[in-house]
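Note sheet for the following structure.
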Amino acid sequence: MRRFFKWAVDDKKENEIALLKSVPLFNSLDKTVLRKLLTDLFKKDYAAGDIVFSEGDMGKALYVVMDGLVKIVKNTPEGDKTLAVLKPGSYFGELALIKESPRFASAVTEEKTKLLIMYKSYFDNLIRGDSAISSRILLNLVESLSSYICVNQDIDMGAPRE
Amino acid sequence: MKNQERLNRELIHEIKKVHHQIPRWIILTMLLILLLFFAFHATSILIILLLSGVVAYILSTIINKAESVGMKRTVAVVLLFILWAGMITGAEMLLSPYLQEEIKNFYSRLPEISQQVEQILTQRSQDSVSAYPVTEDVIRKILSDLIKPVLFINKTLNFSEIFSQAASFFLGLIIVPFFVFFLLKDWPKMLNSIMAAVPSEYVETTVSLVSEMNILVGKYLRGLTLDCALVGIIATCGLWLSGVNYPISLGMLTAAANVVPYLGPLLAGSAACLIAFIQFGSISAVVNIILLYSAIRLMDDLIIQPHTVGKAVKLHPMLLVLTIVISHKLFGIFGMVIAVPFVTALQKVAVIIMERGEHPDAGLAVSRISHISL
């Protein structure tokens, strides 16, 4: 049956869907939902050295790295400090989905990069329309945030207090 | 490398500052003037483009759904067109005999109808004059005003005009699906090239605007289509049950006219009343139709519209009148039907832009941020 309908099946997106499946935020979402996200969300190709957003910008979107590398840079009194270099399958700017707040750090592409952009109003609409998908994503988001809190607490505990 | 990044950031700061210096209303006014200028010089192509855009937009939901279950976009579009053609053929086979008969009947009876109207009105006026002789002059004046348009329509309906209108209609019937097909098939590619042209610092602003527009305008257009279809079906059933002639044509007219708030239902109702008056020659039949259309209006306002279009998306009455007058002047009746939802959608876009104007820090102003949280 599947072989019979092979001409109608879109195989080109399989790689991108596999990549989305590996993104922790979209963990345990089924293929149809991932395909829907891939169809609905905006994609943008960046050249090397492009600024995706700057520290302090109001954040309204989440980005998923589909291809290339993105460097997260924080401006400190000692100069720019690289916090992380994100590979395909990583995401950043997730706090923007919960609340519009200033970006904590800047995101700059290291090489030619393709990003998938999820805008806050799309996510809000998803929450209103499809509670199963949004609760799954929210749960994954909470998990990732709780890991941040743990990491920050560890840093605070370890850091000498003034 | 660090210096280069700093320079880049300073450059973006400067661009953003310049962006803030130009008041938004100037940009909007300029865009509006440009649009009107274009509209004035290329009305028919603009209507076709607008109509194709609206149809493609409404159908894109189905294509996106098919794509999310793993179907190739091109295959989904082709299948949709085959389905569409099938549905039109089916509907034509089912409705066409009745519709053709209705139209043929109406055109062949037009001279007779106008005579009938004249006769009925003259008869009624004579009755009124004999009852109230004082009103004679007033009644005669009203009567001549009423009969004039009927005779005018009768005289001006010549075949060359009908033929030229039918030709442009059929041209549209071929061009619109052609545009819709390619808009549906190539939209992701078009969107990618648009996104590629957007400078990276404006990506979030662009995506935010398009996303919000997409949600609001999409909801409105899909809701409006469903609303009009339901109103048309109810009107057809109601007219058919009341025994009025041409129920399908009148139902279709009611559905199309429903796009234009207030004025549309009034016009469709008047047409139905006129037909009923000619057919039955009694005021009670007209009252019945008025009651039917009032009931449809109430049902639409209280039950159908809140569930389909929603209350949030409505054109301001002042803007509505302006739209109707200008679009009628520019594009005629057909343009008016398309212009109303288009301007309603445009109003929504303007509201989003204004809201961003009130909160300029939404994705743009870097310099005003005084605190940073995680």
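The values are calculated or read from the model by the stated rules, or taken from the named source; none is laboratory data. In this text, all values refer to a predicted model and were calculated from it rather than measured experimentally. Positions of Cβ are generated from backbone atoms using ideal geometry, with glycine treated the same way; all protein chains shown enter the neighbour counts. SASA here: full protein model, heavy atoms, side chains in, ligands and nucleic acids out. Shrake-Rupley method; radii C 1.70, N 1.55, O 1.52, S 1.80 Å.
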Per the filter on the stretch A:19-69, residues more than 13 Å from chain B (Cβ to nearest Cβ) and open to solvent by 30 Å² or more (accessible area, probe 1.4 Å) are A:LEU19, A:LYS21, A:SER22, A:PRO24, A:ASN27, A:SER28, A:ASP67, A:LEU69
Residues that are crowded, with 16+ Cβ neighbours inside 10 Å, more than 22 Å from A:SER146 (Cα to Cα), within 12 Å of chain B (Cβ to nearest Cβ) and within 13 Å of the chain's Cα centre (by Cα): does the stretch A:74-91 have at least one?
no
Do we have B:ILE326 as away from chain A (no Cβ under 14 Å), under 15 Å from the mean Cα position of the chain (by Cα) and at pLDDT 80 or above here?
yes
Find the residue count for the stretch A:112-144, including only residues that are open to solvent by 40 Å² or more (accessible area, probe 1.4 Å), within 14 Å of another protein chain (Cβ to nearest Cβ) and either out of contact with any strand residue (DSSP E or B) (no Cβ under 9 Å at 6 or more places or on another chain) or of a type in the set (Phe, Trp, Tyr) (or both).
6
For residues that are surrounded by fewer than 15 Cβ atoms within 10 Å (Cβ to Cβ) and under 23 Å from B:ALA196 (Cβ atoms), scanning just the stretch A:1-18, find the one that is nearest to the other protein chains (Cβ to nearest Cβ).
A:LYS12
Just one of A:LEU38, A:LEU62 is outside any helix (DSSP H, G or I) and closer than 23 Å to A:TYR122 by Cβ; which is it?
A:LEU62
